[in-house]
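See structure below.
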Amino acid sequence: MWSRIFQMGAPVIAAVSLALPLSAHGQGEVFKATKPMHIVAPSSPGGILDQTSRLVAKALTDIVGQPVIVDNHPGAGGTIGIQTMLRAEPDGHTLVMGSLGPNAANYTLQDKLPYTAADMTGVIRVLTMPDVVVVNPKLPVKSIAELKAYAQNSPNGVSMAVSTSGSSGHLAGAMLNQRAGIKAVEVVYRGASPALTDLVGGQVDYMVDNLITALPLVRAGKLRAIAVTTRERSAELPDVPTLMELGYRDFDVSVWLGLFVSSKTPAATVQALNAALNKALSDPQVQKTIAQQGGSATGGSTEEFAQFVRSETTRWAEVIRAGNIKP
């Protein structure tokens, strides 16, 4: 079942989008703001949604001719942030930084959501990045096999930190636990920053997190990386094996972020925003920063992003149902 599910969807669409340089996309009229713009980050400060929103906002400010402000609205697996965007005037001046959980997985994972996919229009995919399995370095664990053995032999069991319910780290961690036979208590936080603080402090045992927030702690020796979730190894962690190398067939999970607006936003405005954001993502400093954080700037058209989100929604619905993953 897992093999069939993971042969579809994201990798194929990603290849189509990445086949063209960012400069080849979004050649139409660029959005010009008439008042300050807002990017809603549905997370606490410090996480990937927050950091990426601020990076894009800085590059976008000069392009649109107005300040671009980042507003943090964490909670409810991204739901609060999305509702904040949907309550704003649908004129292109308020966007939300979306991701796998609230914009794909949660349609299956959550019984009731106060919004539907039809309430939003995707503007652009911003980045793609691997997840990494990290443990507290005080644990006698240097591999997935040792994590499994530690969990089996620990009288109190083990705990897995979850930055946000429905996030790629949550879903990849749940899949890993099922396929490796690891029994863990999931501890859900309101973002990566508090989760990582507890992991470093030893309050929880391990976590699957994105590179942008985990990598600095790995480099500082405060966390130990034992596997990455993507098909290929990370250039930033070349000595860390992939889960596929370790025998977990077709285990290929990536973080993705993208910007959305209300579906009530005029189509011409959405296209102008796409052109402006493709220009921002083409900025060499933006691309360099994302690469140094372990990811890649994506960009592309609104149509490509819409197709990608539909594919991810279908893909993860099958994964969640097949694995009986719970929020």
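Summed over the stretch 140-168, the residues that are touching a helix residue (DSSP H, G or I) at 6+ places or on another chain (Cβ under 8 Å) and over 17 Å from N324 (Cβ atoms) give a count of 12.
A57 meets all of the listed conditions (1) assigned to a strand (DSSP E or B); (2) surrounded by 18 or more Cβ atoms within 10 Å (Cβ to Cβ); (3) free of Cβ contacts under 8 Å to residues at least 40 places away in the same chain; (4) of a type outside the set (V, I, T) but one, namely (1).
Of all the helices (runs of 4 or more DSSP H) wholly in the stretch 259-327, which have at least 2 residues that are of a type in the set (D, E, K, R), surrounded by 17 or more Cβ atoms within 10 Å (Cβ to Cβ) and within 17 Å of the chain's Cα centre (by Cα)?
Numbers: elements: 267-281, 284-292, 302-323.
Ranges flagged: 302-323.
Taking the stretch 71-96 as the range and being without any contact (Cβ under 8 Å) to a residue 12 or more places away in the chain and assigned to a strand (DSSP E or B) as the test, no residue passes. The single condition among (1) surrounded by 18 or more Cβ atoms within 10 Å (Cβ to Cβ); (2) closer than 20 Å to A192 by Cβ; (3) of a type outside the set (G, A, S); (4) not assigned by TED's automatic domain parsing to the domain that holds N177 that L95 does not satisfy is (2).
A residue that is assigned by TED's automatic domain parsing to the domain that holds F31 and out of contact with any Ser or Thr (no Cβ under 8 Å at 6 or more places or on another chain) occurs somewhere in the stretch 253-264. Among the residues of the stretch 35-54, those identified as in a loop (DSSP other than H, G, I, E, B) and either buried (at least 24 other Cβ atoms within 10 Å of the Cβ) or among the aromatic types (F, W, Y) (or both) are P42, S43, G47.
Cβ separations smaller than 9 Å between residues 6+ apart or across chains give no pair from the stretch 193-218 residues that are of a type in the set (K, R) to residues that are surrounded by fewer than 17 Cβ atoms within 10 Å (Cβ to Cβ). On the stretch given as the stretch 228-251, residues that are surrounded by fewer than 19 Cβ atoms within 10 Å (Cβ to Cβ) and closer than 30 Å to I39 by Cα total 1. Apart from one condition, G46 fits all of (1) over 30 Å from N324 (Cβ atoms); (2) among the small types (G, A, S); (3) touching a Phe, Trp or Tyr at 6+ places or on another chain (Cβ under 6 Å); the exception is (3).
With respect to A225, is the statement that it is outside any loop (DSSP other than H, G, I, E, B), surrounded by 16 or more Cβ atoms within 10 Å (Cβ to Cβ) and under 18 Å from the mean Cα position of the chain (by Cα) true?
Values: outside any loop (DSSP other than H, G, I, E, B): yes; surrounded by 16 or more Cβ atoms within 10 Å (Cβ to Cβ): yes; under 18 Å from the mean Cα position of the chain (by Cα): no.
Criteria not met by A225.
Answer with yes or no whether K142 is free of Cβ contacts under 8 Å to residues at least 40 places away in the same chain, on the phi < 0 side of the Ramachandran plot and of a type in the set (K, R).
On the way: free of Cβ contacts under 8 Å to residues at least 40 places away in the same chain: no; on the phi < 0 side of the Ramachandran plot: yes; of a type in the set (K, R): yes.
No, not satisfied.
If the condition is being surrounded by fewer than 19 Cβ atoms within 10 Å (Cβ to Cβ) and acidic (D, E), then the stretch 122-160 contributes only E146. Checked against (1) in a helix (DSSP H, G or I); (2) touching a Phe, Trp or Tyr at 6+ places or on another chain (Cβ under 7 Å); (3) not assigned by TED's automatic domain parsing to the domain that holds T302, T108 passes all but a single condition, namely (3). Only residues that are of a type in the set (A, V, I, L, M), in contact with a Phe, Trp or Tyr (Cβ under 9 Å, 6 or more places away or on another chain) and modelled with pLDDT under 95 were counted across the stretch 267-320, and they come to 2.
The values are calculated or read from the model by the stated rules, or taken from the named source; none is laboratory data. Note that the structure is predicted; figures quoted are calculated from it, not measured. FYI the Cβ positions are ideal-geometry reconstructions off the backbone, even for glycines, and counts take in every protein chain you see.
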